[in-house]
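J.: Mind having a look at this structure? Questions to follow.
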Amino acid sequence: MSSTTIDASTTGERRPLRWETFSARDAHLHEGAVDEVLTRRRDGVTVTGIYEPEEIDRALAHFEDPRTPKLDHTFGALIGMSLGMVGEEPDRSRYLDDTAQAMEIYEEAFGFDPFERLADRIRPLAGGRDLAPPYEDGRPYNAGQIRMWDPGSGGLPAHVGNEFRALMEHGAMRHLLTVTAVKDHLSYFVVLRRPEVGGALTVYDLLWEEDQGIGDVWENGARKDSRFSDVPGVQFTPGPGDLILFGGGWRWHRVDPLGPASRRVTYGGFAAPSLDGRTLHFWA
Ligand SMILES: O=C(O)CCC(=O)C(=O)O
């Protein structure tokens, strides 16, 4: 286990991040971690050893095979649609159908369900809750998606989860908000391929209430975020198999642009408690 605070030394200094790094084997020593992040008493955790190196190699060979179906994205490709891609469509069948197909691809790639593995490893952090995707009419949301970042891609400009809730509450999130407490939610991802240059997650010393990005259009990831060069932040470059789980709903963050020869592959999404408080819902 390492450190409880990290200086925001990358671009200046203000409030330190409250962050811990530990092995999945020690998850039982961090029982309240999810609630601490949801209630902003902690900024995030890095949990090492979610997947084994040989499991990751097997999965990457499958995901990176040109015959494996993928969806185009600004930074490269996705396997598994994002809920946000539903847009203003009144029903989510396209998303739920795509989820069913993506879950088959994940299982074939890893040889097991990657979400079940993640849930098994971090269950102690969730304070006795079940870990599961939300369901609509008996059909699961995608608990996590595969994000494949092309060499030289622009990363993801600075953003914060609460702004997407505000953008999607009358569209893609209409059903989700009837089952899940989406506010100050968690962002998570497990790195499968770590880029050699760029692609770090920067977590800023800036909260949703301090800057709501009003008038600051997202436009499918094309946002100009140069004003963030003056905001102190901490960079994270987790290794393959490592999970980052943090307060992405309430803390500004971004994924830095990738170097010209670097690829990045992650499995990730978002998490928040169900409205009845019994389940920690995961979706992407
Ligand atoms: O590395 C990733 O998958 C992106 C994480 C992120 O920015 C988010 O979940 O909001």
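Every read-out reported here was derived from the displayed coordinates using simple, explicitly stated rules and does not represent laboratory data. Treat the numbers as computed from the prediction; the structure is a model and nothing was measured. Heads up, the Cβs are rebuilt from the backbone with ideal geometry, glycines too, and the neighbour counts pull from every protein chain shown.
J.: What length, rounded to one decimal in nm, is gained on full extension from R40 through to D65, with 0.36 nm per residue of separation minus their alpha-carbon distance?
T.: Working it through step by step, the gained length comes to 5.0 nm.
J.: Towards the positive end of the charge dipole of the chain, with charges on Cβ (+1 Lys, Arg; -1 Asp, Glu), say which of L243, A261, V160 has the farthest Cα.
T.: Of the listed residues, the answer is V160.
J.: Continuing with this model, one more query. Over the chain, with a Gaussian network built from C-alpha contacts below 10 Å, which listed residue (G154, G44, G80) shows the highest mean-square fluctuation?
T.: G154
J.: Moving on. For the chain, rounded, prolate or oblate, judged on the Cα gyration tensor with a ≥ b ≥ c (square roots of eigenvalues), a/c < 1.5 rounded, else prolate if a/b > b/c?
T.: Cα axes put the chain in the rounded bin.
J.: Related question: Which whole-number percent gives the relative contact order of the chain, counting Cα pairs below 8 Å spaced six or more residues apart?
T.: 28 percent
J.: Follow-up. Along the charge dipole of segment 5-283, pointing to its positive end and built from +1/-1 on Cβ of Lys, Arg, Asp and Glu, which listed residue (I56, H170, A27) has its Cα farthest out?
T.: A27
J.: Arrange F112, F282 by Cβ neighbour counts within 10 Å, fewest through most, would you?
T.: F112, F282
J.: A further question follows. Do the sum for the chain: with -39,500 (n - 2.57) for every DSSP H run of n ≥ 4, divided by all residues, what is the mean residue ellipticity at 222 nm, to the nearest 500 deg cm²/dmol?
T.: One gets -5500 deg cm²/dmol as the mean residue ellipticity at 222 nm.
J.: Another question about this same structure. How would S93, S153, S262 line up from fewest to most surrounding beta-carbon atoms within 10 angstrom?
T.: Listing S93, S153, S262 from fewest to most nearby Cβ atoms yields S93, S262, S153.
J.: Given charges of +1 on the Cβ of Lys and Arg and -1 on the Cβ of Asp and Glu, with all other atoms neutral, how large is the dipole of the chain about its Cα centre, in debye to the nearest 20?
T.: 380 debye
J.: If you take the charge dipole of segment 63-143 about its Cα centre, with +1 on Lys and Arg Cβ and -1 on Asp and Glu Cβ, which of A109, P66, G127 is farthest toward its positive end?
T.: Towards the positive end, the residue furthest out is G127.
J.: Among W208, W218, W283, which comes first, second and so on when ranked by fewest other beta-carbon atoms within 10 Å?
T.: The fewest-first ordering by Cβ neighbours comes to W218, W208, W283.
J.: I would also like to ask the following. Sticking with the crude label model, points 7 Å out along Cα→Cβ, report the distance from H28 to K183 in nm, one decimal please.
T.: For H28 paired with K183, the spin-label model returns 3.6 nm.
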